[in-house]
Amino acid sequence: MFQAYIGKRSPSVENCVEKGAVRKFAEAIGDPHPIYVDEEAGKSSRYRGNIAPPTFPRVLDYGTIEGFHLPNVGLIHGEQTFHYERPLKVGECIQCYTEIKDYYERKGSGGTLGFLVIEDIGEDSGGKRIFASEAIVIITEAVRERLGK
């Protein structure tokens, strides 16, 4: 269904890790740790500044892969992992892109399920990786039928 997109990636998009966005995100997930929002706590930390919560990259813009579209409804968020080379610092601007890593199908009791593996990457201005997030999106039989696949 999506095999033709394996290996394709979006153009890089610049994202700035804004203090206000980090504060709102930390509040939304219910994590009051001062390292995210308190400037003095950030300055006295080993990072010498505030950092973003580990799942903050979910709200960043990764661009779009030309011709690749998923429906807005009927998908299942199967799994997501984050791997950091270093923390994401409040105030820094990074380059982000997404890549289709794999697509495979499995037969289930409700029909054939598709498993789409997507990797989101964040890099510093020098092209050095800061984090990678891998998500598995499950595409149900009903969605596959709607897409005509």
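Descriptive notes on the structure:
- Where (1) -0.43, -0.59, -0.97, -1.25; (2) -0.47, -0.66, -1.15, -1.38; (3) -0.35, -0.50, -0.96, -1.32 are the candidate values, the label of the one calculated here for log10 I(q)/I(0) by the Debye sum over Cα atoms at q = 0.10, 0.12, 0.17, 0.21 Å⁻¹ is (1).
- Estimated 222 nm signal from helices in the chain, with DSSP H stretches of n ≥ 4 weighted -39500 (n - 2.57), rounded to 500: -4500 deg cm²/dmol
- Mean separation of Cα contacts under 8 Å (6+ apart) over length of the chain, as relative contact order %: 28
- Sorted fewest first by neighbouring Cβ atoms within 10 angstrom, 12, 109, 133, 44 come out as 109, 44, 12, 133.
- Projecting label points 7 angstrom from Cα along Cα→Cβ for residue 112 and residue 75 puts them 2.0 nm apart.
- Sorting 38, 120 by the number of Cβ atoms found within 10 Å of their own Cβ, with the fewest placed first, yields 38, 120.
- The magnitude of the dipole of the chain, with charges of +1 and -1 set on the Cβ of Lys/Arg and Asp/Glu and taken from the Cα centre, is near 180 debye.
- Charge dipole (debye, nearest 20) of the stretch 19-103; +1 at Cβ of Lys and Arg, -1 at Cβ of Asp and Glu: 320
- The chain: most fluctuating residue of 37, 73, 117 per GNM, C-alpha cutoff 10 Å: 73
- Take every pair of alpha-carbon atoms less than 8 Å apart whose residues are at least six positions apart; their mean separation over the length of the stretch 1-61 yields a relative contact order of 28 percent.
Coordinate-derived values only; no laboratory data. Quick caveat, the model's predicted, so the values are computed rather than measured. Note: ideal-geometry Cβ built from the backbone for every residue, glycine included; neighbour counts use all protein chains shown.
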